[in-house]
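What follows is a set of notes on a single structure, which appears directly below.
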Amino acid sequence: MSEKELKSLEDQFQARIDRDEKIEPKDWMPEKYRQTHIRQISQHAHSEIVGMLPEANWITRAPTLRRKLALLAKIQDEGGHGLYLYSAAETLGISREEMYDQLHSGKAKYSSIFNYPALTWADMGTIGWLVDGAAIMNQVALMGTSYGPYSRAMVRICKEESFHQRQGYSILLTMANGTPEQKAMVQDAMNRWWWPSLMMFGPKDADSPNTEQSVKWKLKRKTNDELRQQFVDQTVPQANILGITIPDDKLKWNEERKHYDFGEIDWDEFWQVVKGHGPCNKQRLEARKSAWEKGTWVRDAAVAYAEKQANKEVKQAI
Amino acid sequence: MKNWPLWEVFIRSKNGLEHRHCGSLHASDATMALENARDVYTRRMEGVSIWVVPSAQITASNPENNGETFEPAIDKAYRHPTFYELPDELKHM
């Protein structure tokens, strides 16, 4: 294909996206579109799967049977969400195994938030409220993304995810109305999770070189800073209802902007965790790899069984 | 995973409606595909019936041929009821 022909195809492709048409798996797409989507969708899938790990500890430690059921259901959803996303990525020509390899070898990233430890039961509430809250904000924006399978996965995920945030907030409401010790746990969890939650939206727009291209492809409907601002504005009143303080002395309503002003994120910490030096990076990856390796015999046995059954059918047919 | 084929999942949300494609998953055989589909796609009463089909068994049209495949229908307006002009006195038809 000549350069001119390629340019024309790319222009037609962009025009389709501008007209709000969806791109489907077998359609022509620029190689960069394909690769960027494989990267983003697979890392999104990895985040769902690794996101189950900080919660795993608390299944057996949930304070009541009701809370335990809700937590189990949330974690099961996350497994499901990982599957929707892996399937969407596979439509672009990468295999499931390749994606697992990339995760296990450390080549692929997942959301850094899951490299922080979940120390108390209040963390389960705070993760649901802030971490799922931030994720939902991002995912709602992504429902309108241009790649059909990704967009459909987002719609399904958003439908299911709202319960995650509510069950988290409900845990905190109960504790915030409990003993002084329980209230202190809520505040402590807030102090530890607030800044990492704001980091979930990624680097500042000025330091995010891919933003422009992603906006063109509708892989970003809102920039990192816009989503972060939206998150802060939405969360402050919710924190007030819980009667807890947000650990930021620069946080203040700005009447002129009609938004909250807030302090600077510790970007050194952000990059440290992204590069693998967070409190739990190693532990999370080890847990993932160990689960995969220990499951080998199960996967092999399932294949052996399927082959045996298939052979039986052949014999019967003869 | 290499040997676990991909399956397409179709769900009937309630009797009276058709099965609709809702996604795909890997499974070692049809029984496992059905069981996994139940866990992945009907956790909130989304279905009363599930079909699973090996993805490799699906033959799909090629979007590059969309022109010759679908465009001939564009200039066949006479296949639509609104193509036919009828007198105003005719109230229902």
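The values are calculated or read from the model by the stated rules, or taken from the named source; none is laboratory data. Keep in mind that what you see is a predicted model, and the values were worked out from it rather than measured. As a convention, Cβ positions derive from the backbone with ideal geometry for all residues, glycine included, and neighbour counts pool all protein chains shown. Note: accessible area is taken over every heavy atom of the protein model, side chains too, but ligands, DNA and RNA are not part of it. Shrake-Rupley method; radii C 1.70, N 1.55, O 1.52, S 1.80 Å.
Summary table
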read-out: Members of the stretch A:299-316 found to be of a type in the set (Asp, Glu) and more than 9 Å from chain B (Cβ to nearest Cβ), listed by number; value: A:GLU313
read-out: The stretch B:74-89 - residue that is of a type in the set (A, V, I, L, M) and either open to solvent by 60 Å² or more (accessible area, probe 1.4 Å) or in contact (Cβ under 8 Å) with a residue 60 or more places away in the chain (or both) and, of those, farthest from A:GLY80 (Cα to Cα); value: B:LEU86
read-out: Test: residue in the stretch A:99-118 that is of a type in the set (Asp, Glu) and within 14 Å of chain B (Cβ to nearest Cβ); value: yes
read-out: Members of the stretch B:32-65 found to be free of Cβ contacts under 8 Å to residues at least 12 places away in the same chain and away from chain A (no Cβ under 13 Å), listed by number; value: B:GLN57
read-out: Positions within the stretch A:111-133 being under 24 Å from A:SER162 (Cβ atoms), in a helix (DSSP H, G or I) and of a type outside the set (A, V, I, L, M, F, W, C), in sequence order; value: A:SER112, A:ASP123, A:GLY125, A:THR126, A:GLY128, A:ASP132, A:GLY133
read-out: The stretch A:92-110, subset of a type outside the set (D, E, K, R) and in a helix (DSSP H, G or I), residue surrounded by the fewest Cβ atoms within 10 Å (Cβ to Cβ); value: A:HIS104
read-out: Complete set of residues in the stretch B:18-31 that are facing another protein chain (nearest Cβ under 10 Å) and over 22 Å from A:ILE157 (Cβ atoms); value: B:SER28, B:ASP29, B:ALA30, B:THR31
read-out: Lone unmet requirement of (1) at the interface with another protein chain (Cβ under 10 Å from one of its Cβ atoms); (2) modelled with pLDDT under 95; (3) in a helix (DSSP H, G or I) for B:GLU68; value: (1)
read-out: Residues satisfying the stated conditions in the stretch A:2-39, i.e. more than 14 Å from every other protein chain (Cβ to nearest Cβ) and among the basic types (Lys, Arg); value: A:LYS4, A:LYS7, A:ARG19, A:LYS32, A:ARG34, A:ARG39
read-out: In the stretch A:5-38, the residues that are among the aliphatic types (A, V, I, L, M) and touching a residue at least 60 places away in the same chain (Cβ under 8 Å); value: A:ILE17, A:ILE23
read-out: All helices (runs of 4 or more DSSP H) inside the stretch A:166-278 with 3 or more residues being open to solvent by less than 50 Å² (accessible area, probe 1.4 Å) and out of contact with any strand residue (DSSP E or B) (no Cβ under 7 Å at 6 or more places or on another chain); value: A:180-199, A:224-242
read-out: Helices (runs of 4 or more DSSP H) within the stretch A:1-91 that include 1 or more residues within 18 Å of A:ARG156 (Cα to Cα) and open to solvent by 70 Å² or more (accessible area, probe 1.4 Å); value: A:65-90
read-out: Check on B:ALA60, aliphatic (A, V, I, L, M), under 27 Å from the mean Cα position of the chain (by Cα), open to solvent by 90 Å² or more (accessible area, probe 1.4 Å) and within 30 Å of B:TRP4 (Cα to Cα); value: no
read-out: Top-ranked residue in the stretch A:284-294 [being without any contact (Cβ under 8 Å) to a residue 12 or more places away in the chain and surrounded by 11 or more Cβ atoms within 10 Å (Cβ to Cβ); ranked as farthest from A:GLY106 (Cα to Cα)]; value: A:ALA291
read-out: Conditions (1) within 14 Å of chain A (Cβ to nearest Cβ); (2) modelled with pLDDT of 95 or more; number of the one not met by B:ASN15; value: (1)
read-out: Candidate set from the stretch A:119-155 (those that are β-branched (Val, Ile, Thr) and surrounded by fewer than 23 Cβ atoms within 10 Å (Cβ to Cβ)); member that is farthest from the other protein chains (Cβ to nearest Cβ); value: A:THR120
